1. Which value in nm describes the separation of the simple spin-label points at I36 and L58, placed 7 Å from the Cα toward the beta carbon?
2. Take the chain, connect every pair of alpha-carbon atoms lying under 10 Å apart with a spring to form a Gaussian network, then pick out the residue of G122, G80, G24 with the largest mean-square fluctuation.
3. Cross-link candidates for K152: which aspartates and glutamates have Cα within less than 20 Å, leaving aside residues fewer than 8 places away along the same chain?
4. For segment 163-172, what does the Karplus curve 6.51 cos²θ - 1.76 cosθ + 1.60, with θ = phi - 60°, yield as ³J(HN,Hα) per residue in whole Hz, taken in order and with x for Gly and Pro?
5. For the chain, modelled as a Gaussian network with Cα springs under 10 Å, which listed residue fluctuates most, V75, V148, V50?
6. Measuring with a 1.4 Å probe in the full set of protein chains, what accessible area per residue, in whole Å², belongs to the chain?
7. Using Stokes-Einstein with the Kirkwood hydrodynamic radius over Cα pairs, what translational diffusion coefficient do you get for segment 1-91 at 25 °C and a viscosity of 0.890 mPa s, in µm²/s rounded to a whole number?
8. Counting trypsin sites (Lys or Arg not before Pro) as exposed when in a DSSP loop with at most 16 other beta carbons within 10 Å, what is the longest stretch of the chain free of them?
Amino acid sequence: VRAPHSIPLYAPTPLSIVLQQAGGLTGIASPHITIIHRNDQLPTSVDYDVDNPSAATLNTLIYPGDAIEVSRQGVFFMVGEVQRPGIYPMGGAYTAGVVGSLTGGMGMIKNITLLEALTQAGGITTIAARSKTILLRTANGKREAITVDLVKLEKGEIADPLLHPDDILYVPSS
């Protein structure tokens, strides 16, 4: 959410109002929302479609003492000689910036390939070093640099790698 904070409730309140008081969802919010109840009741899960939210989801009641967990989708980073460098959610839409979610957990993640990611960033510039693209990935606490030849990738000579959350794709200048 845009402004995570405690919201005092004195009566059951619809989820839509509580989310509005927290500034609404960010562009990297997971559509999966979990409501953790203060009593022994099991958590409630709802799927919140920002573009077309259902009335049932909007009117899900939040009770005093409940906690709402809005996880963030995985993101990847596009830097260097791409048309629109920035931070992108694994789910698809372009995000100009990143703000916090209520919790730092990971939400549902859609698989996205390197070529799909480049498309989201508007493609590469005319001065890009296409055969020297670097995919930076952290695995088991260690950063690894994977060189990707975009010329071979575009010709189908090598497989289009899947991006992982927090991958950084760097397209250097020629």
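1. Distance between label points: 2.8 nm.
2. Looking only at G122, G80, G24, the largest GNM fluctuation is found for G122.
3. Within the straight-line cut-off, K152 pairs with E81, E116, D160.
4. 7, 10, x, 6, 5, 10, 9, 10, 10, x
5. Comparing V75, V148, V50 in the GNM, the peak value goes to V50.
6. Values: 9540 Å² over 174 residues.
So the chain comes to 55 Å² accessible per residue, rounded to a whole number.
7. Values: Rh = 14.5 Å.
Estimated diffusion coefficient is 169 µm²/s.
8. 39-109
The values are calculated or read from the model by the stated rules, or taken from the named source; none is laboratory data. Nothing here was measured: the structure is a model prediction, and the numbers come from that model. For neighbour counting, all protein chains shown are included, and Cβ atoms are generated from backbone atoms with ideal geometry for every residue, glycine included. Areas reflect the complete protein model, heavy atoms only, side chains present, ligands, DNA and RNA absent. Shrake-Rupley method; radii C 1.70, N 1.55, O 1.52, S 1.80 Å.
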